[in-house]
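Chemist: This structure is in C-alpha coordinates; I'll ask about it shortly.
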Amino acid sequence: MAKKKQPLTYTLPDEFQAFDFAQDLVAWYDSQKRDLPWRINKDPYRIWVSEIMLQQTRVETVKPYYHNFMDKFPTVQALADAPEDEVLKAWEGLGYYSRARNLQAAAREVKEQYGGIVPDTPEEIAKLKGVGPYTAGAILSIAYNKPEPAVDGNVMRVFSRLLLMEDDIAKPATRIKLEHLVRQTIPVGRAGDFNQAIMELGALVCLPKNPQCLTCPVFDYCLARKEGVQEELPVKGKAKPPRPVQLVAAVVRKGSELLIRKRPEQGLLANLWEFPIFEVKGQGDETAVLLESLEQEHGIEVEVLDQLTLVQHTFSHLHWEVSVYLCDYLGGEDTSTRGRFVTQEQLAEFAFPNVQTKIMEALKQKEAEATLL
(Lines give C-alpha, C1' and ligand atoms only; values in the text may rest on other atoms or scores of the structure.)
Protein backbone atom coordinates (compact mmCIF):
# COMPACT_ATOMS: atom_id res chain seq x y z
CA MET A 1 0.00 0.00 0.00
CA ALA A 2 1.41 3.35 -1.04
CA LYS A 3 2.29 5.77 1.71
CA LYS A 4 0.09 8.81 2.06
CA LYS A 5 1.89 11.86 0.69
CA GLN A 6 2.72 14.26 3.50
CA PRO A 7 2.13 18.01 2.98
CA LEU A 8 5.25 20.07 2.43
CA THR A 9 6.48 22.06 5.40
CA TYR A 10 8.86 25.01 5.38
CA THR A 11 10.61 26.44 8.40
CA LEU A 12 11.80 29.97 9.11
CA PRO A 13 15.33 30.66 10.39
CA ASP A 14 15.49 30.50 14.20
CA GLU A 15 16.35 34.19 14.57
CA PHE A 16 12.95 35.21 13.18
CA GLN A 17 11.34 33.91 16.35
CA ALA A 18 14.23 34.48 18.75
CA PHE A 19 14.50 38.19 17.98
CA ASP A 20 10.79 38.76 17.20
CA PHE A 21 10.83 39.77 13.55
CA ALA A 22 7.06 40.34 13.56
CA GLN A 23 7.19 42.73 16.52
CA ASP A 24 9.89 44.85 14.88
CA LEU A 25 7.98 45.03 11.61
CA VAL A 26 4.60 45.88 13.15
CA ALA A 27 6.17 48.55 15.41
CA TRP A 28 7.60 50.21 12.29
CA TYR A 29 4.21 49.98 10.55
CA ASP A 30 2.43 51.59 13.51
CA SER A 31 4.66 54.65 13.23
CA GLN A 32 5.16 54.88 9.47
CA LYS A 33 2.01 53.60 7.74
CA ARG A 34 0.46 55.75 5.06
CA ASP A 35 -2.91 57.44 5.51
CA LEU A 36 -5.00 55.60 2.91
CA PRO A 37 -8.78 55.88 2.44
CA TRP A 38 -9.45 52.15 2.83
CA ARG A 39 -7.71 52.13 6.22
CA ILE A 40 -10.24 54.37 7.98
CA ASN A 41 -12.10 51.33 9.33
CA LYS A 42 -12.27 47.53 9.13
CA ASP A 43 -15.36 47.31 6.91
CA PRO A 44 -14.73 44.10 4.90
CA TYR A 45 -16.56 45.50 1.86
CA ARG A 46 -14.38 48.64 1.74
CA ILE A 47 -11.24 46.52 2.13
CA TRP A 48 -12.44 44.11 -0.55
CA VAL A 49 -13.04 46.91 -3.08
CA SER A 50 -9.62 48.41 -2.36
CA GLU A 51 -7.82 45.11 -2.82
CA ILE A 52 -9.50 44.47 -6.16
CA MET A 53 -8.68 47.99 -7.37
CA LEU A 54 -5.06 47.72 -6.22
CA GLN A 55 -4.41 44.62 -8.31
CA GLN A 56 -1.85 45.67 -10.94
CA THR A 57 -2.58 49.34 -10.23
CA ARG A 58 -0.60 51.97 -8.29
CA VAL A 59 -1.93 53.33 -4.99
CA GLU A 60 -1.96 56.96 -6.17
CA THR A 61 -3.92 55.98 -9.27
CA VAL A 62 -6.48 54.07 -7.21
CA LYS A 63 -7.24 56.77 -4.62
CA PRO A 64 -9.62 58.99 -6.66
CA TYR A 65 -11.33 55.96 -8.23
CA TYR A 66 -11.84 54.45 -4.80
CA HIS A 67 -13.44 57.60 -3.39
CA ASN A 68 -15.77 57.87 -6.39
CA PHE A 69 -16.67 54.17 -6.35
CA MET A 70 -17.48 54.15 -2.64
CA ASP A 71 -19.62 57.28 -3.03
CA LYS A 72 -21.64 55.57 -5.76
CA PHE A 73 -21.73 52.08 -4.24
CA PRO A 74 -21.22 52.44 -0.45
CA THR A 75 -22.43 48.95 0.45
CA VAL A 76 -22.50 45.41 -0.90
CA GLN A 77 -26.23 45.86 -1.52
CA ALA A 78 -25.70 49.07 -3.52
CA LEU A 79 -23.10 47.41 -5.74
CA ALA A 80 -25.17 44.25 -6.19
CA ASP A 81 -28.25 46.24 -7.25
CA ALA A 82 -26.49 48.71 -9.58
CA PRO A 83 -26.75 48.42 -13.39
CA GLU A 84 -23.54 46.95 -14.79
CA ASP A 85 -23.08 49.93 -17.13
CA GLU A 86 -22.87 52.24 -14.09
CA VAL A 87 -20.27 50.02 -12.43
CA LEU A 88 -18.15 49.90 -15.59
CA LYS A 89 -18.43 53.68 -15.97
CA ALA A 90 -17.17 54.16 -12.40
CA TRP A 91 -14.27 51.83 -13.25
CA GLU A 92 -13.48 53.59 -16.56
CA GLY A 93 -9.74 54.28 -16.85
CA LEU A 94 -8.61 51.69 -14.27
CA GLY A 95 -8.32 48.92 -16.84
CA TYR A 96 -8.62 45.17 -16.31
CA TYR A 97 -12.41 45.53 -16.43
CA SER A 98 -13.05 41.89 -15.60
CA ARG A 99 -12.15 42.94 -12.03
CA ALA A 100 -15.22 45.20 -11.91
CA ARG A 101 -17.54 42.61 -13.44
CA ASN A 102 -16.30 39.89 -11.09
CA LEU A 103 -16.57 42.23 -8.09
CA GLN A 104 -20.20 42.99 -8.88
CA ALA A 105 -21.00 39.31 -9.53
CA ALA A 106 -19.44 38.41 -6.18
CA ALA A 107 -21.36 41.23 -4.44
CA ARG A 108 -24.56 39.68 -5.76
CA GLU A 109 -23.45 36.30 -4.36
CA VAL A 110 -22.83 37.91 -0.97
CA LYS A 111 -26.23 39.59 -1.04
CA GLU A 112 -28.09 36.42 -2.01
CA GLN A 113 -26.16 33.80 -0.03
CA TYR A 114 -24.82 35.69 3.00
CA GLY A 115 -27.38 38.43 3.58
CA GLY A 116 -25.01 41.16 2.43
CA ILE A 117 -22.29 40.22 4.97
CA VAL A 118 -18.89 39.39 3.48
CA PRO A 119 -18.08 35.85 4.71
CA ASP A 120 -15.31 35.43 7.27
CA THR A 121 -14.08 31.90 6.58
CA PRO A 122 -11.44 30.85 4.04
CA GLU A 123 -13.76 28.22 2.58
CA GLU A 124 -16.67 30.60 1.94
CA ILE A 125 -14.77 33.66 0.82
CA ALA A 126 -12.70 31.64 -1.67
CA LYS A 127 -15.92 30.68 -3.49
CA LEU A 128 -16.68 34.28 -4.44
CA LYS A 129 -16.02 35.19 -8.05
CA GLY A 130 -12.70 36.93 -8.59
CA VAL A 131 -11.45 36.29 -5.04
CA GLY A 132 -8.14 34.45 -5.19
CA PRO A 133 -5.79 33.41 -2.35
CA TYR A 134 -4.25 36.86 -1.93
CA THR A 135 -7.55 38.79 -1.85
CA ALA A 136 -9.09 36.22 0.51
CA GLY A 137 -6.12 36.47 2.85
CA ALA A 138 -6.17 40.28 2.79
CA ILE A 139 -9.89 40.52 3.61
CA LEU A 140 -9.79 37.84 6.30
CA SER A 141 -6.73 39.27 8.03
CA ILE A 142 -7.42 43.00 7.71
CA ALA A 143 -11.20 43.00 8.24
CA TYR A 144 -11.58 39.98 10.52
CA ASN A 145 -8.06 39.67 11.99
CA LYS A 146 -7.87 36.02 10.95
CA PRO A 147 -4.26 34.68 10.82
CA GLU A 148 -4.28 34.17 7.06
CA PRO A 149 -1.34 35.09 4.77
CA ALA A 150 -1.85 37.57 1.94
CA VAL A 151 0.96 36.96 -0.52
CA ASP A 152 1.24 39.38 -3.46
CA GLY A 153 4.21 40.55 -5.52
CA ASN A 154 5.43 42.89 -2.78
CA VAL A 155 5.35 40.14 -0.19
CA MET A 156 7.13 37.67 -2.47
CA ARG A 157 9.88 40.21 -3.12
CA VAL A 158 10.32 41.04 0.58
CA PHE A 159 10.44 37.42 1.74
CA SER A 160 12.64 36.30 -1.14
CA ARG A 161 15.22 38.81 0.06
CA LEU A 162 14.74 38.20 3.75
CA LEU A 163 15.22 34.45 3.35
CA LEU A 164 17.64 34.52 0.41
CA MET A 165 15.20 32.44 -1.65
CA GLU A 166 16.13 31.74 -5.24
CA ASP A 167 12.83 30.06 -6.09
CA ASP A 168 11.12 31.46 -9.19
CA ILE A 169 8.24 33.60 -7.88
CA ALA A 170 6.39 33.16 -11.18
CA LYS A 171 5.77 29.51 -10.26
CA PRO A 172 2.66 28.57 -8.21
CA ALA A 173 4.75 26.30 -5.96
CA THR A 174 6.77 29.30 -4.78
CA ARG A 175 3.63 31.17 -3.76
CA ILE A 176 2.50 28.14 -1.74
CA LYS A 177 5.90 27.93 -0.07
CA LEU A 178 5.80 31.63 0.81
CA GLU A 179 2.28 31.33 2.20
CA HIS A 180 3.59 28.60 4.57
CA LEU A 181 6.44 30.84 5.67
CA VAL A 182 4.38 34.01 6.10
CA ARG A 183 1.77 32.12 8.13
CA GLN A 184 4.50 31.20 10.64
CA THR A 185 5.39 34.86 11.22
CA ILE A 186 1.89 36.29 11.76
CA PRO A 187 1.69 37.62 15.35
CA VAL A 188 -1.30 36.78 17.53
CA GLY A 189 -3.96 39.50 17.36
CA ARG A 190 -2.18 41.59 14.69
CA ALA A 191 -2.75 39.57 11.52
CA GLY A 192 -4.14 42.45 9.46
CA ASP A 193 -1.50 44.92 10.59
CA PHE A 194 1.26 42.41 9.93
CA ASN A 195 0.13 41.66 6.38
CA GLN A 196 -0.22 45.36 5.65
CA ALA A 197 3.19 45.98 7.19
CA ILE A 198 4.85 43.59 4.73
CA MET A 199 3.04 45.26 1.83
CA GLU A 200 4.03 48.69 3.15
CA LEU A 201 7.65 47.59 3.49
CA GLY A 202 7.65 46.42 -0.13
CA ALA A 203 6.03 49.65 -1.33
CA LEU A 204 8.18 52.12 0.61
CA VAL A 205 11.50 50.46 1.49
CA CYS A 206 12.15 47.06 -0.12
CA LEU A 207 11.70 48.46 -3.61
CA PRO A 208 12.13 46.43 -6.82
CA LYS A 209 15.14 48.58 -7.74
CA ASN A 210 17.47 50.36 -5.33
CA PRO A 211 15.98 48.97 -2.08
CA GLN A 212 16.43 51.35 0.85
CA CYS A 213 18.22 48.84 3.06
CA LEU A 214 19.68 51.37 5.50
CA THR A 215 16.20 52.53 6.54
CA CYS A 216 14.71 49.04 6.71
CA PRO A 217 13.20 48.16 10.11
CA VAL A 218 14.10 44.47 9.63
CA PHE A 219 17.58 45.11 8.21
CA ASP A 220 19.20 42.69 10.65
CA TYR A 221 17.04 39.74 9.55
CA CYS A 222 17.72 40.06 5.80
CA LEU A 223 19.91 37.22 4.52
CA ALA A 224 20.12 38.67 1.01
CA ARG A 225 21.44 41.97 2.38
CA LYS A 226 24.08 40.10 4.40
CA GLU A 227 25.24 38.44 1.17
CA GLY A 228 24.97 41.68 -0.82
CA VAL A 229 22.57 40.18 -3.37
CA GLN A 230 19.34 41.99 -2.45
CA GLU A 231 19.04 43.62 -5.88
CA GLU A 232 19.36 40.24 -7.61
CA LEU A 233 16.21 38.94 -5.91
CA PRO A 234 13.52 37.88 -6.38
CA VAL A 235 14.06 35.44 -9.22
CA LYS A 236 11.26 35.71 -11.75
CA GLY A 237 10.97 33.72 -14.96
CA LYS A 238 10.25 35.75 -18.06
CA ALA A 239 6.67 35.72 -19.27
CA LYS A 240 5.84 35.22 -22.92
CA PRO A 241 5.82 38.51 -24.84
CA PRO A 242 2.31 39.73 -25.74
CA ARG A 243 1.06 38.62 -29.16
CA PRO A 244 0.90 41.49 -31.68
CA VAL A 245 -2.53 42.18 -33.20
CA GLN A 246 -3.15 44.62 -36.06
CA LEU A 247 -6.52 46.39 -35.96
CA VAL A 248 -8.34 49.20 -37.70
CA ALA A 249 -10.94 51.48 -36.11
CA ALA A 250 -13.50 53.86 -37.60
CA VAL A 251 -14.69 57.18 -36.22
CA VAL A 252 -17.86 57.49 -38.30
CA ARG A 253 -19.46 60.93 -38.39
CA LYS A 254 -23.15 61.38 -39.22
CA GLY A 255 -23.71 65.10 -39.00
CA SER A 256 -22.93 65.97 -35.37
CA GLU A 257 -23.16 62.35 -34.21
CA LEU A 258 -20.62 59.52 -33.97
CA LEU A 259 -21.12 55.77 -34.29
CA ILE A 260 -20.31 53.72 -31.19
CA ARG A 261 -21.13 50.13 -30.29
CA LYS A 262 -21.13 47.85 -27.29
CA ARG A 263 -18.63 45.01 -27.19
CA PRO A 264 -19.87 41.42 -26.72
CA GLU A 265 -20.91 40.19 -23.26
CA GLN A 266 -17.98 37.74 -23.14
CA GLY A 267 -14.29 38.11 -23.86
CA LEU A 268 -11.80 40.97 -23.78
CA LEU A 269 -13.27 44.33 -22.65
CA ALA A 270 -16.72 42.75 -22.41
CA ASN A 271 -19.73 45.11 -22.38
CA LEU A 272 -17.63 48.26 -22.81
CA TRP A 273 -18.30 50.75 -25.60
CA GLU A 274 -16.06 51.48 -28.55
CA PHE A 275 -15.71 53.11 -31.91
CA PRO A 276 -16.06 50.13 -34.30
CA ILE A 277 -12.79 48.23 -34.39
CA PHE A 278 -11.81 45.25 -36.54
CA GLU A 279 -8.83 42.93 -36.84
CA VAL A 280 -6.70 43.14 -39.98
CA LYS A 281 -5.40 39.66 -40.74
CA GLY A 282 -2.31 38.93 -42.78
CA GLN A 283 -1.41 41.68 -45.22
CA GLY A 284 -4.97 42.93 -45.61
CA ASP A 285 -5.66 46.47 -46.74
CA GLU A 286 -6.82 48.50 -43.76
CA THR A 287 -9.37 50.69 -45.52
CA ALA A 288 -10.80 47.71 -47.42
CA VAL A 289 -11.24 45.82 -44.14
CA LEU A 290 -12.90 48.89 -42.65
CA LEU A 291 -15.39 49.37 -45.49
CA GLU A 292 -16.28 45.69 -45.71
CA SER A 293 -16.63 45.21 -41.95
CA LEU A 294 -18.83 48.27 -41.46
CA GLU A 295 -21.12 47.10 -44.25
CA GLN A 296 -21.27 43.50 -43.01
CA GLU A 297 -21.61 44.19 -39.28
CA HIS A 298 -23.53 47.48 -39.31
CA GLY A 299 -25.14 47.67 -42.75
CA ILE A 300 -23.77 51.14 -43.46
CA GLU A 301 -21.61 52.71 -46.15
CA VAL A 302 -18.95 55.28 -45.34
CA GLU A 303 -16.31 57.36 -47.04
CA VAL A 304 -12.88 56.91 -45.51
CA LEU A 305 -11.28 60.35 -45.21
CA ASP A 306 -7.85 60.24 -43.58
CA GLN A 307 -5.98 58.53 -40.80
CA LEU A 308 -6.79 60.17 -37.49
CA THR A 309 -4.16 58.52 -35.32
CA LEU A 310 -2.25 55.33 -34.54
CA VAL A 311 -2.96 53.89 -31.08
CA GLN A 312 -0.91 51.23 -29.33
CA HIS A 313 -2.08 49.43 -26.21
CA THR A 314 -0.60 46.43 -24.40
CA PHE A 315 -2.67 43.91 -22.46
CA SER A 316 -1.05 41.11 -20.46
CA HIS A 317 -1.18 38.74 -23.45
CA LEU A 318 -1.83 41.00 -26.46
CA HIS A 319 -0.29 44.09 -28.02
CA TRP A 320 -2.78 46.08 -30.09
CA GLU A 321 -1.71 48.43 -32.84
CA VAL A 322 -4.80 50.29 -34.04
CA SER A 323 -4.91 52.46 -37.16
CA VAL A 324 -7.80 54.90 -36.66
CA TYR A 325 -9.58 56.47 -39.63
CA LEU A 326 -12.02 59.36 -39.77
CA CYS A 327 -15.04 58.45 -41.89
CA ASP A 328 -18.19 60.16 -43.13
CA TYR A 329 -21.49 58.29 -43.10
CA LEU A 330 -22.97 57.89 -46.61
CA GLY A 331 -26.06 55.76 -46.09
CA GLY A 332 -27.71 52.62 -44.83
CA GLU A 333 -29.44 51.69 -41.57
CA ASP A 334 -27.40 50.27 -38.73
CA THR A 335 -28.55 46.66 -38.69
CA SER A 336 -26.56 45.66 -35.62
CA THR A 337 -28.15 45.46 -32.19
CA ARG A 338 -25.03 46.86 -30.56
CA GLY A 339 -24.45 50.12 -32.43
CA ARG A 340 -25.89 53.62 -32.06
CA PHE A 341 -25.15 57.18 -33.12
CA VAL A 342 -24.58 59.62 -30.27
CA THR A 343 -23.37 63.21 -29.90
CA GLN A 344 -19.89 63.91 -28.58
CA GLU A 345 -21.49 65.26 -25.40
CA GLN A 346 -23.26 61.93 -24.89
CA LEU A 347 -20.00 59.98 -25.06
CA ALA A 348 -19.41 60.84 -21.41
CA GLU A 349 -22.42 58.69 -20.45
CA PHE A 350 -20.78 55.47 -21.67
CA ALA A 351 -17.86 53.43 -20.32
CA PHE A 352 -14.97 53.16 -22.78
CA PRO A 353 -11.70 51.23 -22.40
CA ASN A 354 -8.41 53.14 -22.38
CA VAL A 355 -7.61 52.39 -26.00
CA GLN A 356 -10.84 54.13 -27.01
CA THR A 357 -10.27 57.19 -24.82
CA LYS A 358 -6.98 57.65 -26.68
CA ILE A 359 -9.01 57.81 -29.91
CA MET A 360 -11.33 60.41 -28.35
CA GLU A 361 -8.32 62.53 -27.36
CA ALA A 362 -6.99 62.40 -30.93
CA LEU A 363 -10.40 63.43 -32.27
CA LYS A 364 -10.61 66.40 -29.90
CA GLN A 365 -7.09 67.48 -30.86
CA LYS A 366 -7.90 67.31 -34.58
CA GLU A 367 -11.07 69.36 -34.08
CA ALA A 368 -9.18 71.93 -32.00
CA GLU A 369 -6.56 72.27 -34.73
CA ALA A 370 -9.29 72.67 -37.34
CA THR A 371 -10.84 75.62 -35.46
CA LEU A 372 -7.49 77.43 -35.51
CA LEU A 373 -7.25 77.31 -39.32
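The values are calculated or read from the model by the stated rules, or taken from the named source; none is laboratory data. Here the structure is a predicted model, which is why all the values come from computation and not from measurement. Cβ: placed from backbone, ideal geometry, glycine included. Neighbour counts: every protein chain shown.
Chemist: Which count do you get for residues in region 279-299 that are of a type in the set (A, V, I, L, M) and touching an Asp or Glu at 6+ places or on another chain (Cβ under 6 Å)?
Modeler: First, the residues of region 279-299 that are of a type in the set (A, V, I, L, M): 280, 288-291, 294.
Cutting the leftovers down to touching an Asp or Glu at 6+ places or on another chain (Cβ under 6 Å) gives us 280.
Going through region 279-299 one residue at a time, the tally reaches 1.
Chemist: For the list (1) surrounded by 14 or more Cβ atoms within 10 Å (Cβ to Cβ); (2) under 25 Å from the mean Cα position of the chain (by Cα), I need the number of the one condition that residue 314 fails.
Modeler: Checking residue 314 against (1) surrounded by 14 or more Cβ atoms within 10 Å (Cβ to Cβ); (2) under 25 Å from the mean Cα position of the chain (by Cα), the one that fails is (1).
Chemist: I'd like the full set of residues that are basic (Lys, Arg) and touching a residue at least 24 places away in the same chain (Cβ under 8 Å), limited to region 86-142.
Modeler: Step one: filter region 86-142 for residues basic (Lys, Arg), giving 89, 99, 101, 108, 111, 127, 129.
Selection gives 89, 99, 101, 108, 111, 129.
Chemist: So which residues in region 63-77 are in a helix (DSSP H, G or I) and either touching a strand residue (DSSP E or B) at 6+ places or on another chain (Cβ under 7 Å) or surrounded by fewer than 17 Cβ atoms within 10 Å (Cβ to Cβ) (or both), if there are any at all?
Modeler: Quick first cut of region 63-77, residues in a helix (DSSP H, G or I) only: 63-72, 76-77.
Those that are in a helix (DSSP H, G or I) and either touching a strand residue (DSSP E or B) at 6+ places or on another chain (Cβ under 7 Å) or surrounded by fewer than 17 Cβ atoms within 10 Å (Cβ to Cβ) (or both): 63, 64, 67, 68, 71, 72, 77.
Chemist: Checking residue 237 against (1) modelled with pLDDT of 95 or more; (2) outside the structural domain of residue 38 (by TED's automatic domain parsing), which single condition isn't satisfied?
Modeler: For residue 237, the exception is condition (1).
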